[in-house]
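Where a number appears in this text, it was derived from the coordinates with a stated rule and is not lab data. Keep in mind that what you see is a predicted model, and the values were worked out from it rather than measured. Virtual Cβ from ideal backbone geometry, glycine too; neighbours counted across all protein chains shown.
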Amino acid sequence: MFKLMGAVVLVAAGGAAGMLVARDYARRPVEIRSLISAVQMLETEIIYAATPLGEALERVACASDGIVAGFFREASRSLNSGDGATAGEAWEKALAGFYRHSSLTAGDSAILKNLGRALGRSGRTDQEKHLKLACEQLKREMASAEEAASKNTRMWNYLGFCGALAAVIILY
Amino acid sequence: MAAALSGRAYQHRPELGFINNISPVLPFKIRKIVPAVNSDILGRLEEIRLRALRPLALGLDTGDVFINEAGAVVADPEKAYLVSQEDVERCLGLVSGSSIYALEEEIKNGFITIPGGHRVGITGKTVLESGRVKTLKYFSGVNIRISREVIGSARPLLPKIIDSEGGTIRHTMIFSPPRCGKTTVLRDAVRMISDGIPELGLPGQAVGLVDERSEIAGCYCGIPQRDVGLRTDVLDGCPKAEGMTMLLRSMGPSVIATDEIGGQEDVRALEEVLNAGVRVIFTVHGSSLEELAARPALNYLFRLGVVECFVQLGRDKRAGVVKGIFDGRKFS
């Protein structure tokens, strides 16, 4: 009886672990796509409407969803708090929180970090270059994230259960 | 220190209220230093100068002083707080709300107006395009110029410029060298003309104010931060010549006021206004009438013989002292 219960727990745990890894693979392209869309909105606000950065970030937050909205809202709140933080500092602080709860890789985070260092520090032409560069880099990351997701999501979903089942069989 | 930064800390000293507007744009280290400066010095403060890798300086009515980290005046610049490049960049980030791109035109002109109507001058490396300034980069200096209203500063000259029979004012030119209070006096004159002065027989007039450099009304996001009167319409950041014509066509003013007339274009627009039955009051840089007459554009204005009253300002312990009022008819 105990053996059976142990086997069930092992299979459930293995399956859940596999599903968690698979979920990260599946979520990453979705988050990057959402980020690309947000950066493009930010570009419109900055380049065409010359909206002050704090307000632009808030508007992007309102038009985005999920944790990307939270990231832009936090950056806007931190920038507008009046505690003397620059745009780069506000962005980096918000990014740290966002990164912890996202499925992004360190490479994705580095793209956003570089963008944050340039945000609001130059004229429109220069800002456009930085925003377009970030978009292009994110698009490249999305292509690789989609490829990785198609390869790995199903594999990890099965691998968790199958690995756990194999362990149960070996242990029996 | 935090308490000193709050609005409540200056309730008993309204003349120091500007610190509540200035503090949010100061980098954190300097934000702690300025409120610690002796309040008598703060009361005479005209400018806060941040120059990268040089001492923190305060511009007073009597000249510059250097300040150390504790907010005390020091005679030796070596002992003063050394402003870093980061301080300058951070200050500019705070002044612009980290939105340099939204203030390109202001940066091209070399200054940004902040809430309270205070002006922040900027220096750095200019980027040229077709020989004209496109923008600035590598910011190296910031000068925060404190804008102060001196209510009543135009009072001594108003009886001389009012045409009580016509119930309006005479065409008036206010002139002086820089830093003698032309803008302060013009602002107060606009306020009084707009509100009306019953004891001098002047009913309130609709005043159109062209504030090209945001100095007179100190507009922030288009809203005047200074009291420029109940009947004043402000065109903020608008070139003078275009602004005067726009106001004339659109707002039906009785009086048009503007600052720092000097170019041919300004004088031509002024001539149009003068011929439209609208009264004008404006300022000009210059220390004497002879000096003004030597400038081609102003010489033309003199020859038109339309300016009825010339007011000369000077600086005698304080700015805005009326040195002389001349009848314009004698110079035509």
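Near B:Met192, within a Cβ-to-Cβ distance under 15 Å, what is the net charge of the other residues, with Lys and Arg +1 and Asp and Glu -1?
Cβ neighbours under 15 Å give a net charge of +2.
Take a quick pass over the stretch B:2-145 and tell me how many lysine pairs come in under 12 angstrom between Cα atoms, counting only ones 8 or more apart or on separate chains.
Close lysine pairs under the 12 Å cut-off: 5.
Grab the other residues whose beta carbon is less than 14 angstrom from that of A:Arg23, score K and R as +1, D and E as -1, and report the net.
Result for the neighbourhood of A:Arg23: +1.
Helix B:264-274 versus the longest principal axis of chain B: what is the Cα-based angle in degrees, 0 to 90, to the nearest 10?
With both axes taken from Cα atoms, the answer is about 50 degrees.
What do you get for the angle between helix A:2-43 and the principal long axis of chain A? Use alpha-carbon atoms, 0 to 90 degrees, nearest ten.
20
Please give every one of the lysines within straight-line cross-link reach of A:Lys151, meaning a C-alpha to C-alpha distance under 24 Å, and leave out same-chain neighbours fewer than 8 residues apart.
Cross-link targets: A:Lys139.
Could I have the simple spin-label model distance between B:Glu271 and A:Lys151, label points 7 Å from Cα toward Cβ, reported in nm to one decimal?
Once both label points are built, they end up 7.8 nm from each other.
Net charge near B:Lys323: determine it from the other residues with C-beta under 11 Å of the C-beta of B:Lys323, scoring Lys and Arg +1 and Asp and Glu -1.
Spelling it out: positives minus negatives among the neighbours equals 0.
Within the protein assembly as shown, what percent of beta bridges assigned by DSSP are antiparallel, to the nearest 5?
Taking every DSSP beta bridge within the protein assembly as shown, about 65 percent pair in antiparallel fashion.
Total Lys pairs in the stretch B:158-331 closer than 23 Å by alpha-carbon, pairs eight or more apart in sequence or interchain only?
Taking the stretch B:158-331 as the scope, the lysine pair count is 7.
Helix-derived [θ] at 222 nm for chain A: sum -39500 (n - 2.57) over DSSP H runs of at least 4, divide by residue count, nearest 500?
Helices in chain A give a 222 nm mean residue ellipticity of -29500 deg cm²/dmol.
Over all Cα pairs of the stretch B:2-145, how is the pair count split among 5 Å bins, expressed in % and running from 0 up to the last occupied bin?
For the stretch B:2-145, the pair-distance distribution reads 2, 10, 19, 23, 19, 13, 8, 4, 1, 0, 0.
Would you kindly compute the Cα radius of gyration of the stretch B:37-121 and its largest Cα-Cα separation (Dmax), both in Å?
According to the Cα coordinates of the stretch B:37-121, Rg and Dmax are 14.0, 40 Å.
Starting from a Cα-only point model with no solvent, please compute log10 I(q)/I(0) by Debye for chain A at q = 0.16, 0.17, 0.19 1/Å.
Scattering profile of chain A, log10 relative to I(0): -0.88, -0.95, -1.12.
The stretch B:77-179: which trypsin sites (Lys or Arg not before Pro) are DSSP loop and have at most 12 other beta-carbon atoms within 10 angstrom?
B:Arg179
Where the centroid of each part is defined by its Cα atoms, how far is the stretch A:65-106 from the stretch B:55-107 in Å?
Here the two parts' Cα centres lie 29 Å apart.
Of the DSSP beta bridges with both residues in chain B, give the percent that are antiparallel, rounding to the nearest 5.
The antiparallel proportion sits near 65 percent.
Counting other beta carbons within 10 Å of each Cβ, put A:Phe72, A:Phe161 in order, fewest first.
Ordered by Cβ neighbours within 10 Å, fewest first: A:Phe161, A:Phe72.
Per 0.36 nm of contour for each residue apart, how much would the distance between A:Tyr48 and A:Val30 grow if the chain were fully extended, relative to their Cα-Cα spacing?
3.8 nm
Between B:Gly124, B:Gly116, B:Gly71, where does the largest GNM mean-square fluctuation fall for chain B, given springs only between Cα atoms within less than 10 Å?
Largest GNM mean-square fluctuation: B:Gly124.
What relative contact order, as a whole-number percentage, does the stretch B:24-161 give when Cα pairs under 8 Å and 6 or more residues apart are counted?
The value is 21 percent.
For helix B:85-95, what angle does its Cα long axis make with the longest principal axis of chain B, in degrees from 0 to 90 and rounded to 10?
50
If I histogram all Cα-Cα distances within chain B using bins 20 Å wide from 0, what percent of pairs lands in each bin?
All Cα pairs considered, the percentages come to 30, 55, 16, 0.
Tell me which of B:Ser194, B:Thr245, B:Val278 sits at the most positive position along the dipole axis of the stretch B:163-279, charges placed on C-beta atoms (Lys, Arg +1; Asp, Glu -1).
Result: B:Ser194, furthest along the dipole toward the positive end.
Suppose we keep just the alpha-carbon trace of the protein assembly as shown; what are its Rg and Dmax in angstrom?
Over the protein assembly as shown's Cα set, Rg and Dmax evaluate to 31.0, 118 Å.
Per the helix-only calculation at 222 nm, which mean residue ellipticity applies to chain B, given -39500 (n - 2.57) for every DSSP H run of n ≥ 4 and division by its residues, nearest 500 deg cm²/dmol?
Calculated from helices alone, the mean residue ellipticity at 222 nm is -7000 deg cm²/dmol.
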